[in-house]
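Notes follow once the structure below has been shown.
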Amino acid sequence: MIVVTTDKIERCIATNYLGIVTATDDDYAADFNSAKLLNKLQEKARGLGANAIIGLRFFQAKKSKLDRWKAPYFMVAYGTAVKVELKEEQEKE
């Protein structure tokens, strides 16, 4: 699956915009691993029939109620699930 922070993928065309996908990690700590969130996000996108995610963003926020056994922050990853196809190369004359 292609995952980019931009709203377009070079040499590809989005044929279907399938919706916004989100993933959260409530146990965010100093050793945060973005791969965990990306895996969750990709699973949701695949479930919609996507083969790419555009506009990937990460967001960190402080929890309103603190539990002394849990991390004080949570992370959210979000983007737009899309179906993309490779653009055909234009023949040069």
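Of the residues that sit in the range 14-38 and are at pLDDT below 95 and open to solvent by 80 Å² or more (accessible area, probe 1.4 Å), which one is nearest to the chain's Cα centre (by Cα)?
By that ranking, first place goes to K36.
Kindly list the number of the only condition in (1) under 13 Å from the mean Cα position of the chain (by Cα); (2) at pLDDT 95 or above; (3) open to solvent by less than 50 Å² (accessible area, probe 1.4 Å) that fails for G49.
Among (1) under 13 Å from the mean Cα position of the chain (by Cα); (2) at pLDDT 95 or above; (3) open to solvent by less than 50 Å² (accessible area, probe 1.4 Å), the lone unmet condition for G49 is (1).
Those residues that are at pLDDT 75 or above and surrounded by 14 or more Cβ atoms within 10 Å (Cβ to Cβ), I need them from the range 59-93; list them, please.
Y73, F74, M75, V76, A77, Y78, G79, T80, A81, V82, K83, V84
The values are calculated or read from the model by the stated rules, or taken from the named source; none is laboratory data. Keep in mind the model is a prediction, meaning the values are calculated, not measured. With ideal geometry, Cβ positions are generated from the backbone for all residues, glycine too; neighbour counts draw on all protein chains shown. These area figures cover heavy atoms from the full protein model, side chains too; ligands, DNA and RNA do not enter into them. Shrake-Rupley method; radii C 1.70, N 1.55, O 1.52, S 1.80 Å.
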